[in-house]
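Okay, structure first, notes after.
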Amino acid sequence: MIRIATSDERFPTVTRPAGDDGVRHQRFRQITCAACGKVGETSAGTGGFKGMPPEVVAKRFQRMGWKVGEKPSKDLCPAHATKVSPGYTVAVDEEARTITRSDTGDQLPLTRQNRRALKITPGQLRREAERREKEISRNPYGDTPMVDPTPLRAEDPPKPTREQIRKVQDELDARYDIPAQRYKGKMSDKALAELLNFPAAWIAEERERAYGPDDSEALRQRAHDLEVLKGDLAGVAAKIERHVEAGMALVDEVNALRKRADRL
């Protein structure tokens, strides 16, 4: 049982008009989050809170997802009350019906028993669903996973969404020569990634999955090696030609010397 002061002292009261007649008024009890300063209210209608124990007011706020502490400095709004213990938080995925702990990455089924054990309120579930809807609305491609228990390492590229994968597939269908097992023209994984502004790993992974290994890079390397070889052969041929010409000149010189010797 939370030991708190009287209702008037523990939860400040504000009064507002309940209608346009200026006669009826409605009283509210307020609670303030010690973490962010957010103010919550609960009302008892036009009858007021006369005689209502502070524990009853506290329970009203608790049903709204608030954590009511022993004193105002320990009150937490639903957003900050999701910390179930120092050291870890929980994230709820209602579509997958799972609860994920941040410290261990364990995924638990979203059952009533687990909700009670981790002190997850209906208000938290509602706010988690609203947050997910806002997240999806901000992402034009959709399908962004809300909970990923395995944090990405710095060197890991983000995972593509289904819409992004479909975009890669469409481009591959248009730019990949399936019988030749390579890209058409000068296209490559890197060039296609730059065209779509996607990580090259996405392109390579989907191309490997759909069409197998790409021979384009190997063919380009072989073509480059052939050009280098042609240049080297041309250089050697030029040297040989120069040596042949020099040899022929020496032969002519020897013949001329022989003719001079014959005349002596």
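Any read-out appearing in this document is the output of simple, stated calculations on the displayed coordinates, not a laboratory observation. None of the values given here were measured: they were computed from a predicted structure. Positions of Cβ are generated from backbone atoms using ideal geometry, with glycine treated the same way; all protein chains shown enter the neighbour counts.
Hey, could you grab the Kirkwood Rh for the stretch 225-264? Inverse mean 1/r over distinct alpha carbon pairs, Å, one decimal. All intermediate terms of the calculation are to be shown ahead of the outcome.
Details: mean 1/r = 0.0814 Å⁻¹.
For the stretch 225-264, the Kirkwood estimate is 12.3 Å.
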Give me the number: length gained by fully extending LYS74 to GLN169, i.e. 0.36 nm times residue separation minus the C-alpha to C-alpha distance, one decimal in nm.
-> 28.9 nm
For the table LYS167/LYS230; LYS159/LYS186; LYS71/LYS134; LYS134/LYS184, the rows whose alpha-carbon distance is greater than 30 Å are LYS167/LYS230; LYS71/LYS134; LYS134/LYS184
Using label points projected 7 Å from each Cα along Cα→Cβ, tell me how many nm separate GLU241 and THR13, to one decimal.
-> 11.0
Name the long-range amide H neighbours of SER188: under 5 Å, sequence gap of 5 or more, or other chain; modelled H, no Pro or chain starts.
-> none
Report the full-extension gain for the segment LEU195 to GLU133: residue separation times 0.36 nm, less the Cα-Cα distance, to one decimal in nm.
-> 19.3 nm
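Given a Förster radius of 35 Å and the C-beta distance between ALA261 and LEU229 as r, what FRET efficiency does 1/(1 + (r/R0)^6) yield to the nearest 0.05?
Working: r = 47 Å, r/R0 = 1.35.
Computed FRET efficiency for ALA261 and LEU229 comes out at 0.15.
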For CYS36 and ASP252, extending 7 Å from Cα along the Cα-Cβ vector and measuring point to point gives, in nm, a value of 9.6
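Between ARG126 and HIS25, take the C-beta separation as r, use R0 = 22 Å, and let me know the FRET efficiency to the nearest 0.05. Don't skip to the end; give the middle numbers.
On the way: r = 30 Å, r/R0 = 1.35.
The computed FRET efficiency comes out at 0.15.
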